[in-house]
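Report on the structure given below.
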Amino acid sequence: MSAASQAERAVLEEEFKWLLKEEVHAVLKQLQDILKEASRRFAMPAAGLESQLKQENFILGSSTMDQVKGVLTLQGEALTQADINLKMAKSNQVMHFAFRDDKQWKMQQIQDARNHVNQALQLLNSRDESYHFKTGAEVNKLMDAVMMQLTRARNRLTTPATMTLPELASSGLMKMFTPPMPGDLMVNFYINLSKLCLIVYQLHVLQPSTTKNFKPAGSSVLHNPGAMFEINNTKFEVSHVHKVECVVPWLNDTLVFFTISLQLCQQLKDKISVFSSYWNYGPF
């Protein structure tokens, strides 16, 4: 090995040691700060009441029709009230439903996303400033684990769970309302990106004479008119579907935090790969 290449290698090794000792911890500190802010968004305290989460009211609106109107109350991961007015398609009769006072609906997507953020923070906290990273592979392993939790957190908010219509009909959500939801109506709530969405399905019973072409619908986030299903030996068809939504600003904040954090992780991995490409051996 020439003196020049030996000198170059020595410089690279010093730069790599500095990266492991200083820059990695600087990035970990940045990630911790961002994810603490994200975690705080999931549990905003009420003004003057640190022990109580802030309640936020969101007005449901539709850009197309005013068949469904209402107000949803979100407190952290819990939907504590849903006040819904539905104008029936045929009769134009307005029906009003609200959550019973003793009921609230947990938004599992928000809870799961928060848990993944907290798991990412635990991973970062396990390597404080006194910890000495010995190899690039060790840093990559930590970044991969953090990125996996952040990707799962983001996916929970961007990808609502699919459900079959019988699953929806028998879910606890149908028992939340007063007056009780009639048998020809179903509702579902979910998060899509930064939006809190309400779906209302109007149903009609299929008569025995019309069920020869019966084909039950599969699992979906949003079922279309014409979708069929059977429950308790009765066959139904979806006649009308109404979707209304409202933007939850702090959910948008968390999605931005996830994107920035994932970019920071990837940038650190890229720096390590630049160094490791100079060496054909060793666990860099």
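Those residues that are under 22 Å from the mean Cα position of the chain (by Cα) and open to solvent by less than 40 Å² (accessible area, probe 1.4 Å), I need them from the range 97-110; list them, please. Please lay out each step first, then the result.
The first filter runs over the range 97-110 and keeps only residues under 22 Å from the mean Cα position of the chain (by Cα), leaving 104-110.
Matches in the range 97-110: 107, 109, 110.
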Filter pass, residue 261 being modelled with pLDDT of 90 or more, over 20 Å from the mean Cα position of the chain (by Cα) and open to solvent by less than 70 Å² (accessible area, probe 1.4 Å): no
Answer from 71, 94, 117 - the residue that is out of contact with any Pro (no Cβ under 7 Å at 6 or more places or on another chain) and either in contact (Cβ under 8 Å) with a residue 40 or more places away in the chain or over 28 Å from residue 172 (Cα atoms) (or both): 117
Qualifying residue in the range 49-59 (condition: at pLDDT 70 or above, open to solvent by 30 Å² or more (accessible area, probe 1.4 Å) and more than 20 Å from the chain's Cα centre (by Cα)): yes
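Looking at the range 194-201, is at least one residue over 22 Å from the mean Cα position of the chain (by Cα), closer than 30 Å to residue 76 by Cβ and surrounded by 16 or more Cβ atoms within 10 Å (Cβ to Cβ)? Quick ask: steps written out before the conclusion?
Residues of the range 194-201 that are over 22 Å from the mean Cα position of the chain (by Cα), as a first pass: 201.
Filter once more, so that each one left must be closer than 30 Å to residue 76 by Cβ: 201.
The next check asks that each one be surrounded by 16 or more Cβ atoms within 10 Å (Cβ to Cβ); those that pass are 201.
Looking through the range 194-201, at least one residue is over 22 Å from the mean Cα position of the chain (by Cα), closer than 30 Å to residue 76 by Cβ and surrounded by 16 or more Cβ atoms within 10 Å (Cβ to Cβ).
Taking the range 204-237 only, how many residues are of a type in the set (S, T, N, Q) and under 29 Å from the mean Cα position of the chain (by Cα)? Give the derivation first.
Keep residues of the range 204-237 that are of a type in the set (S, T, N, Q), which gives 207, 209-211, 213, 219-220, 224, 232-234.
From what's left, under 29 Å from the mean Cα position of the chain (by Cα): 219-220, 224.
Selection size over the range 204-237: 3.
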Residues within the range 203-218 that are closer than 20 Å to residue 186 by Cα and either outside any loop (DSSP other than H, G, I, E, B) or open to solvent by 80 Å² or more (accessible area, probe 1.4 Å) (or both), tallied: 6
Subset of the range 164-175 that is of a type in the set (A, V, I, L, M, F, W, C) and closer than 22 Å to residue 100 by Cβ - its residue that is surrounded by the fewest Cβ atoms within 10 Å (Cβ to Cβ): 174
Qualifying positions in the range 119-150 - touching a helix residue (DSSP H, G or I) at 6+ places or on another chain (Cβ under 7 Å) and under 30 Å from residue 222 (Cα atoms): 147, 149, 150
Scan of the range 167-211 for residues that are within 19 Å of residue 241 (Cα to Cα) and of a type in the set (Gly, Ala, Ser), ordered by number: 169, 170, 171, 183
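A quick yes/no check of all residues on (1) in contact with a helix residue (DSSP H, G or I) (Cβ under 9 Å, 6 or more places away or on another chain); (2) in contact (Cβ under 8 Å) with a residue 24 or more places away in the chain; (3) more than 25 Å from residue 90 (Cα to Cα):
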residue: 160; (1), (2), (3): yes, yes, yes
residue: 169; (1), (2), (3): no, yes, no
residue: 177; (1), (2), (3): no, yes, no
residue: 180; (1), (2), (3): yes, no, no
residue: 188; (1), (2), (3): yes, yes, no
residue: 191; (1), (2), (3): yes, yes, yes
residue: 198; (1), (2), (3): no, yes, no
residue: 203; (1), (2), (3): yes, yes, no
residue: 209; (1), (2), (3): no, no, no
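Tell me, which residue of the range 232-248 that is open to solvent by 20 Å² or more (accessible area, probe 1.4 Å) and touching a Ser or Thr at 6+ places or on another chain (Cβ under 7 Å) is farthest from residue 75 (Cα to Cα)?
Taking the range 232-248 and keeping what is open to solvent by 20 Å² or more (accessible area, probe 1.4 Å), we get 232-237, 239-243, 245, 247.
Adding the requirement that they be touching a Ser or Thr at 6+ places or on another chain (Cβ under 7 Å) leaves 235, 247.
On the way: 235: 37, 247: 15 Å.
Result: 235.
Can you find a residue that is open to solvent by less than 10 Å² (accessible area, probe 1.4 Å) and closer than 23 Å to residue 112 by Cα anywhere in the range 178-185?
Kept after step one, since they are open to solvent by less than 10 Å² (accessible area, probe 1.4 Å), are these residues of the range 178-185: 185.
Filter once more, so that each one left must be closer than 23 Å to residue 112 by Cα: none.
No, the conditions are met nowhere in the range 178-185.
The values are calculated or read from the model by the stated rules, or taken from the named source; none is laboratory data. Since we're looking at a predicted model, the values are computed, not measured. Glycine gets a Cβ as well: all are built from the backbone with ideal geometry, and neighbour counts include every protein chain shown. Only protein heavy atoms, including side chains, enter the accessible area calculation; ligands, DNA and RNA are left aside. Shrake-Rupley method; radii C 1.70, N 1.55, O 1.52, S 1.80 Å.
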